[in-house]
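These notes concern the structure reproduced below.
The values are calculated or read from the model by the stated rules, or taken from the named source; none is laboratory data. Computed from a prediction, not measured in an experiment: that's the story for all the values here. We place every Cβ from the backbone using ideal geometry, glycine too, and count neighbours over all the protein chains shown.
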Amino acid sequence: MIATLQSRIGEVTERIARRSRDSRRRYLDGIDRYATKAPTRKRLGCANFAHGFAACGPADKEAIRDGEGPNLAIVTTYNDMLSAHQPFERFPEIIKRIAREAGGTAQVAGGAPAMCDGVTQGEAGMELSLFSRDVIALSTAVALSHQMFDAAVYLGVCDKIVPGLLIGALSFGHLPAVFLPAGPMTSGLSNDEKSKTRQLFTEGKISRAALLEAEAQAYHGPGTCTFYGTANTNQMLMEIMGLHLPGASFVNPNTPLRDALTEAGVRRALALTAQGNSYTPIGHIIDERAVVNGVVGLHATGGSTNHTIHLIAMAAAAGIALNWDDFADLAEVVPLLTRIYPNGKADVNHFQAAGGMPVLIRSLLGAGLLHRDVRTVWGEGLGDYVVEPGLGEEGEVVWREAASKSHDETVLRGAEHPFQSTGGLRVLDGPLGRAVIKTSAVAPERHVIEAPAQVFHSQEELHAAFKAGGLFRDCVAVVRFQGPSANGMPELHKLMPPLGIAQDRGFKVALVTDGRLSGASGKVPAAIHVTPEAANGGAIAKIRDGDLIRLDAPNGRLEVLVDAAEWAARANEDHDLSASHTGIGRELFSAFRATVCRADQGASIFAMHE
């Protein structure tokens with residue numbers, strides 16, 4: 001029996017649809033104008049067209065020039081420095097071979113940059129990280145602008161990369177699109193042991209050589225990092241929103257099953273073109289229901305807080321106005337069904353072994369928490385995604401009915417027996433503005449913190465205070481001027497070890513910042529993405545050392561307990577940001593800092609919000 005949609009899910013979806021009615025209609029009207037049965041490339045001028053196939057081999061040249069078969073765009077973010085993206089080196093040849101076998105062709109339409117936040121954490125390059133999402137979107141649009149293609153496959157995995165690819169893909173929303181993941185690396189040193197080693201190093205108890213060896217054991221081969229940060233949250237989202245093949249997200253790289261899934265994804269992309277009978281453009285897959293399914297998946301898995309920004313920007317690219325109130329209202333009815341590091345000890349390989357996405361989707365559908373009646377790259381309905389892939393006798397993918405329940409309830413549970421009754425994210429409001437907090441990794445006794453503020457303007461200032469013993473007290477660390485307009489809104493993971501040490505020594509500790517922490521925010525309660533940000537006149541710039549701050553996650557409040565008259569009369573502090581505006585390429589992004597919208601609007605440079 002098919003479960004009835006839970007009332008809150010329906011209410012929020014309808015609210016988003018009403019709010020988005022005009023922008024969504026304009027979006028669909030715009031992309032539908034470009035939909036055409038005949039290959040678009042055949043309408044190009046002869047010189048234009050000849051440029052588009054000049055470098056092809058003889059067979060592909062003839063097929064593109066004179067044939068009627070579909071031509072598939074490959075948009076790749078391959079580089080061999082990112083462990084998650086290195087496997088994509090092999091994908092173009094696989095894609096081209098399968099396209100030929102299916103009566104079509106494929107070309108690498110273009111590449112997009114892919115940076116690794118793991119490399120840039122705490123470094124100047126991290127200040128380009130969030131903006132790289134919009135650069136990737138722009139690069140994707142450039143790649144597709146030649147109008148040589150009937151569908152596209154997208155090769156990307158990590159933090160800003162999948163959101164950027166999706167925003168770019170939606171700007172060509174009349175084209176079908178399949179996202180082809182590379183998969184997670186095999187498990188190495190556990191994420192829990194890695195975290196303990198980092199803390200020991202911060203305390204000066206082990207050497208840099210010992211720390212490096214531990215990190216190398218954790219990050220040891222091709223594939224996505226195994227903790228449940230933004231990269232793996234991306235993969236969950238692409239599957240639950242219908243842009244992956246069923247069960248494709250968490251199969252390890254360079255395995256026969258991964259290659260078979262890639263081949264099946266190519267065949268499916270070719271089958272979705274306007275030349276066939278199953279035309280399914282991406283702009284019609286990503287609708288209000290798909291977006292709500294994504295938010296539900298985010299809450300149910302305790303996913304990355306980055307997606308309280310990215311999902312808003314991704315939805316806006318399809319003319320859909322998602323906001324933080326929608327996240328908050330959905331969080332109240334969506335239970336937490338996974339324990340994956342940092343909100344547990346398991347990694348994504350353990351999640352996959354426990355049943356992975358098919359079991360998760362089955363449970364959420366059974367509880368009426370997902371829209372079943374959505375379009376996907378696999379067909380009509382999310383009910384098709386409760387299957388798991390395996391290899392048939394000829395090495396092809398064979399989908400089998402997935403298990404009805406988890407194989408390991410310490411990692412993955414059903415909705416009838418969750419880890420928490422509500423989702424792992426909360427939205428906070430108060431006199432400091434709005435913020436989000438990831439509660440799924442924070443012990444319940446720390447969901448409310450009231451302590452004096454210590455104000456910092458950089459990670460380095462906080463580390464200096466830690467080394468001087470200044471954090472070993474009850475305190476709320478306020479790290480400000482870290483928003484998108486200030487310095488590109490870097491992730492601030494280097495704050496976590498010292499704050500974690502102070503917390504472990506028995507002090508009440510929390511973080512309040514207009515910067516980011518992403519999926520690996522960990523055990524310290526952290527109100528992040530504070531908006532309006534300090535650089536744009538936000539009230540976070542009024543806070544002084546010693547002000548009493550109250551972070552109340554259960555009630556969704558972020559308070560500053562200062563006399564109201566004094567608070568109203570107090571001026572914002574200023575801060576010299578010039579050091580963050582030059583060097584390591586940062587001077588090239590001045591236009592981004594000047595035009596970026598607020599975190600609760602998606603922190604995007606694109607004019608998507610009215």
If you check Ala594 against the conditions, is it in contact with a Ser or Thr (Cβ under 8 Å, 6 or more places away or on another chain) and in a helix (DSSP H, G or I)? yes
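This table checks each residue for (1) in contact with an Asp or Glu (Cβ under 7 Å, 6 or more places away or on another chain); (2) farther than 29 Å from Lys160 by Cα.
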{"residue": "Gly483", "(1), (2)": "yes, no"}
{"residue": "Pro490", "(1), (2)": "yes, no"}
{"residue": "Pro498", "(1), (2)": "no, no"}
{"residue": "Ile501", "(1), (2)": "yes, yes"}
{"residue": "Leu511", "(1), (2)": "no, no"}
{"residue": "Leu517", "(1), (2)": "yes, no"}
{"residue": "Gly546", "(1), (2)": "no, yes"}
{"residue": "Val562", "(1), (2)": "yes, yes"}
{"residue": "Ala568", "(1), (2)": "no, yes"}
Looking at Val178, Val157, can you tell me which residue is more than 20 Å from Arg267 (Cα to Cα), buried (at least 24 other Cβ atoms within 10 Å of the Cβ) and touching a strand residue (DSSP E or B) at 6+ places or on another chain (Cβ under 8 Å)? Val157
Considering every residue within the stretch 81-99, establish whether at least one is at pLDDT below 95, under 23 Å from Val142 (Cβ atoms), out of contact with any Asp or Glu (no Cβ under 6 Å at 6 or more places or on another chain) and surrounded by fewer than 20 Cβ atoms within 10 Å (Cβ to Cβ). yes
Restricting to the stretch 418-446, give me the number of residues that are part of a strand (DSSP E or B) and at pLDDT 90 or above. 10
Can you confirm whether the stretch 294-303 contains a residue that is in the same structural domain as Ile16 (by TED's automatic domain parsing), within 26 Å of Ala73 (Cβ to Cβ) and touching a residue at least 40 places away in the same chain (Cβ under 8 Å)? yes
Quick count over the stretch 542-563, residues being touching a Phe, Trp or Tyr at 6+ places or on another chain (Cβ under 8 Å) and aliphatic (A, V, I, L, M), is 1
Could you give every pair whose Cβ atoms fall below 6 Å, whose first residue belongs to the stretch 548-562 and is on the phi < 0 side of the Ramachandran plot, and whose second residue is modelled with pLDDT under 95 and of a type in the set (Lys, Arg), counting only separations of at least 6 or pairs across chains? Ala553/Arg426
If the requirement is being assigned to a helix (DSSP H, G or I), out of contact with any Gly (no Cβ under 7 Å at 6 or more places or on another chain) and modelled with pLDDT under 85, which of these qualifies: Ala214, Ala231? Ala214
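Results for (1) farther than 21 Å from Asp429 by Cα; (2) at pLDDT below 95; (3) part of a loop (DSSP other than H, G, I, E, B), shown as yes or no for each residue.
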| position | (1), (2), (3) |
| --- | --- |
| Gln454 | no, no, no |
| Glu460 | yes, yes, no |
| Ala465 | yes, no, no |
| Gly470 | yes, yes, yes |
| Ala486 | yes, no, no |
| Met496 | yes, yes, no |
| Ala510 | no, no, no |
| Ala535 | no, no, no |
